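Colleague: Below you'll find the structure I mean.
The values are calculated or read from the model by the stated rules, or taken from the named source; none is laboratory data. Keep in mind the model is a prediction, meaning the values are calculated, not measured. Here the Cβ is made from the backbone with ideal geometry for all residues, glycine too, and neighbour counts use every protein chain on show.
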Amino acid sequence: MDQQRSSLFNHINTISRIQVQISTLRSQFRLHERYHDIESIHQGGETLKDLQLQLDQLQPTHNNEFTFLNSLKRSSDSVVALYAHMLRVHSSNLSKAEEEANHHYLLDRLDSSILSMSEDSFRLADHALQNSQEESEYKARLMQSMLIILAILISLSAFQTLRLFRIRLKELEQGIKQLSVGKMDYTIDVGRKDEISQLAQHFNQMTNRLKASTISVDQLQQEISKRTSELEQQKNSLRQIAEHDSLTGLANREAFLKSLNEVIIHCSTNKRRAAVFFIDLDKFKQINDSMGHSAGDAVLIEMAHRFTSTLRKSDSLARIGGDEFTVIIDPLYESKDAAELAKKLIASLEEPYEYEDQTLYLNTSIGIAVYPEDGTTPQELMKNADSAMYQAKKAGGNTFHFYNRLMNQDTLAKIQLESELRSAIQQDQLTVYYQPQFDLKTRKLVGVEALARWIHPEKGLIPPCTFIPLAEEKGLIHQVGSIILTKACQQMAQWNGEREAQIALAVNLSAKQLNTPELAGSISDILHTTGLNAQHLELEITESCVLSDPEDAIHKLEQLKALGIRLAMDDFGTGYSSLAYLKKLPLDKLKIDKSFVDGLEINPEDAAICQAVIALGHSLNLTVIAEGLEHEVQATILAEQGCDQAQGYFFAKPISAENFARCYFKKERKLKQEENI
């Protein structure tokens, strides 16, 4: 019996260890989802190997455990397959956006399979405990049967020997009565050696065995009770991990969707309304990039605290990933109630957050979808609230927006445009237009700015303000930028090869392009392939390119400068750059933004700003160029202020390479021919 009990305890302990490994495995994949580190994946792989070994060693003790053990092993095999897929994604050459999409899908699948393993392990543990309890009940019934059989035997013996052994049988009868009420300490004096004495001796031996058996059963029941309590605690702990965000303690995506589904069922039954908020912190990536993930985590914890303090007890708050939070408003009596609560959530972030020695100003954008008007399923409400949140961001952020059905049309149009842009990259539909740049004093051509254009086979010319932001968002800007730079350098190398007077080519460089690790190497390759002299290439950056990581930006720009490339600061004065960084940047030119040039002739403030930028640029030995000139008077004022160069519709609109050559270079050749005559 002790051996059976030991085997039972070992069986239950093995299941308990499997549950702990499942919990560890899920935590390791959650760490990878949060920090994207390959170490967490490798640790998860080791845990998965140990888990497979434990499952192979685990043998069912009863037939009813086969079903749950087989289900557990199937879920484990699924996790092994998904883990292998994740390793293949890590070693592939997918773009960052594609890799993140694959990770999100795989992590969701892994999470679901691991949760299935956890549920099966608990069912297996429950059945093991139930079987152990059944064995205890069997032993109790066995003891009762033994008592009944013993009573029958004694009765028969008493019937045969009643006259001779009445006094001795009285002792046996008393012993049986004591035994029947659970008193096992009673013993019968054996006395002389006869049949009654032997019977008394066997009775005493039996009571001793029953006493030992009862003690063992009690111990087993105590152990079972203790193990049941421990397993229940582990089950609650796993449920807490499975349904809550480890950073903030809020409900996670799975728990939120479950709660939302319950709210929808309740509202449908009772003809009530509810609302879903989709909340996203504005510019959270800048905090992570500039101050580190520890600062980002602290901000998320602070947001969770402020939101929790603002919401009603009946509302449900969750963190579903990154800087995204969701809220269920139930019940919702009027839409204005949702609007008022959204205002309060935004206002809760107005007070600056102090992190170490930094003061952070937090803003958030909120999208609102209402049940049943905006959706009748959790997925539909989440999707529409997310669309509304992006509308709030488009409006400038730090506000809220209700969903309307026109948003779906915008989303579908955006998806269609992305597909067409990918095709445009493959089918060479992207081209370059050129806008001339002139010396303001001599009015001679000194340079040209290359501007991206998309010639759609059906829609015609698509302006860059439509597809460049989309390329930035979808991770296509590197391909688009490379195509435009290569084509522009090829064209400029051809033009400069045909002319004595060399002109410069200006090309815009986005912040994401500047963050490319091998930027200088890739541009050097393009110059080598196209044959354009590096000193004839001028790359324009904006102030925002430098803000996220000034030191890294300066290092990248110095690498470009070392190649002989000229550098210009575009849209100067519209951002938030520090003059301390400005003097560190290896610049050659400052570009006055069109917003200051537009009111130059009528607004003294714009004129003063232009004068100040020109003076600043010249004090740093930089060439100053103004963009967006539309009138002769603007060119005159800028020339009087000392501005070196200008471009704009006053001189010429951006035009194709063929038209540019016909307008400027053919005239030059004709004038030169006339001079030679």
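Colleague: If you check 471, 452, 488, which single one turns out to be more than 24 Å from residue 564 (Cα to Cα) and crowded, with 21+ Cβ neighbours inside 10 Å?
Modeller: Just one listed residue meets the conditions, 471.
Colleague: With the structure loaded, tell me whether residue 606 is farther than 28 Å from residue 514 by Cα, free of Cβ contacts under 8 Å to residues at least 24 places away in the same chain and assigned by TED's automatic domain parsing to the domain that holds residue 436 or whether it fails that test.
Modeller: Yes: the conditions hold for residue 606.
Colleague: Do we have any residue at all in segment 275-284 that's surrounded by 15 or more Cβ atoms within 10 Å (Cβ to Cβ) and either without any contact (Cβ under 8 Å) to a residue 24 or more places away in the chain or part of a helix (DSSP H, G or I) (or both)?
Modeller: Within segment 275-284 (the criterion being surrounded by 15 or more Cβ atoms within 10 Å (Cβ to Cβ) and either without any contact (Cβ under 8 Å) to a residue 24 or more places away in the chain or part of a helix (DSSP H, G or I) (or both)), the answer is yes, since at least one residue qualifies.
Colleague: Name the one entry in 521, 497 that is in the same structural domain as residue 439 (by TED's automatic domain parsing) and at pLDDT below 90. Before you say what the answer is, go through the steps one by one.
Modeller: Numbers: 521 fails: at pLDDT below 90.
That would be 497, the only listed residue that is in the same structural domain as residue 439 (by TED's automatic domain parsing) and at pLDDT below 90.
Colleague: Which number in (1) surrounded by fewer than 21 Cβ atoms within 10 Å (Cβ to Cβ); (2) part of a strand (DSSP E or B) marks the one condition that residue 496 misses?
Modeller: The failed condition is (2).
Colleague: Here is a further query. Name the residue, out of 42, 62, that is in the same structural domain as residue 116 (by TED's automatic domain parsing), surrounded by fewer than 17 Cβ atoms within 10 Å (Cβ to Cβ) and modelled with pLDDT under 70. Before the answer, list the steps.
Modeller: Details: 42 fails: modelled with pLDDT under 70.
Of 42, 62, the one residue that is in the same structural domain as residue 116 (by TED's automatic domain parsing), surrounded by fewer than 17 Cβ atoms within 10 Å (Cβ to Cβ) and modelled with pLDDT under 70 is 62.
Colleague: Considering only segment 590-610, I want to know if a residue exists there that is under 39 Å from the mean Cα position of the chain (by Cα) and in a loop (DSSP other than H, G, I, E, B).
Modeller: Yes.
Colleague: Run residue 623 past the list (1) buried (at least 18 other Cβ atoms within 10 Å of the Cβ); (2) of a type in the set (S, T, N, Q); (3) more than 30 Å from residue 559 (Cα to Cα) and report the number of the one that doesn't hold.
Modeller: (3)
Colleague: Could I ask something else about it? Checking residue 426 against (1) closer than 24 Å to residue 510 by Cβ; (2) surrounded by 15 or more Cβ atoms within 10 Å (Cβ to Cβ); (3) free of Cβ contacts under 8 Å to residues at least 40 places away in the same chain, only one condition comes out false. Which one?
Modeller: Single failed check for residue 426: (2).
Colleague: Give, as residue ranges, the strands (runs of 3 or more DSSP E) completely inside segment 409-466 that count at least 1 residues that are touching a Phe, Trp or Tyr at 6+ places or on another chain (Cβ under 8 Å), aromatic (Phe, Trp, Tyr) and within 27 Å of residue 540 (Cα to Cα).
Modeller: 430-439, 445-456
Colleague: Please specify each residue of segment 321-358 satisfying the condition of being in contact (Cβ under 8 Å) with a residue 24 or more places away in the chain, at negative phi and assigned to a strand (DSSP E or B).
Modeller: Within segment 321-358, 324, 325, 326, 327, 328, 329, 353, 355, 358 meet the criteria.
Colleague: When segment 293-331 is examined, which residues are found to be in contact with a Cys (Cβ under 9 Å, 6 or more places away or on another chain) and under 18 Å from residue 403 (Cα atoms)? Show your work before the answer.
Modeller: Kept after step one, since they are in contact with a Cys (Cβ under 9 Å, 6 or more places away or on another chain), are these residues of segment 293-331: 330-331.
Within segment 293-331, 330 is the sole residue that qualifies.
Colleague: Taking the condition of being small (Gly, Ala, Ser) and either crowded, with 21+ Cβ neighbours inside 10 Å or not assigned by TED's automatic domain parsing to the domain that holds residue 394 (or both), how many residues in segment 317-368 meet it?
Modeller: Pass one, segment 317-368, residues small (Gly, Ala, Ser): 318, 321-322, 335, 338-339, 342, 347-348, 365, 367.
Still in the running and either crowded, with 21+ Cβ neighbours inside 10 Å or not assigned by TED's automatic domain parsing to the domain that holds residue 394 (or both): 318, 338, 342, 365, 367.
So the count comes out to 5.
Colleague: Please give the number of the condition residue 406 fails out of (1) closer than 30 Å to residue 294 by Cβ; (2) modelled with pLDDT under 90.
Modeller: (1)
Colleague: Just to be sure I understand the filter: pairs with C-beta atoms under 7 Å, separated by 6 or more residues or on different chains, first member in segment 292-309 and under 12 Å from residue 355 (Cα atoms), second member part of a helix (DSSP H, G or I). Which pairs pass?
Modeller: 295/287; 296/284; 296/287; 296/288; 299/287
Colleague: Can you find, within segment 291-320, the residue that is farthest from residue 258 (Cα to Cα) among those that are within 17 Å of the chain's Cα centre (by Cα) and not in a helix (DSSP H, G or I)?
Modeller: The residue in question is 292.
Colleague: Could I ask something else about it? Cβ-Cβ below 9 Å, separation at least six or inter-chain, first residue in segment 376-391 and assigned by TED's automatic domain parsing to the domain that holds residue 329 and within 21 Å of residue 272 (Cα to Cα), second assigned to a helix (DSSP H, G or I) and charged (D, E, K, R): which pairs?
Modeller: That search, which allows pairs on different chains as well, returns 378/258.
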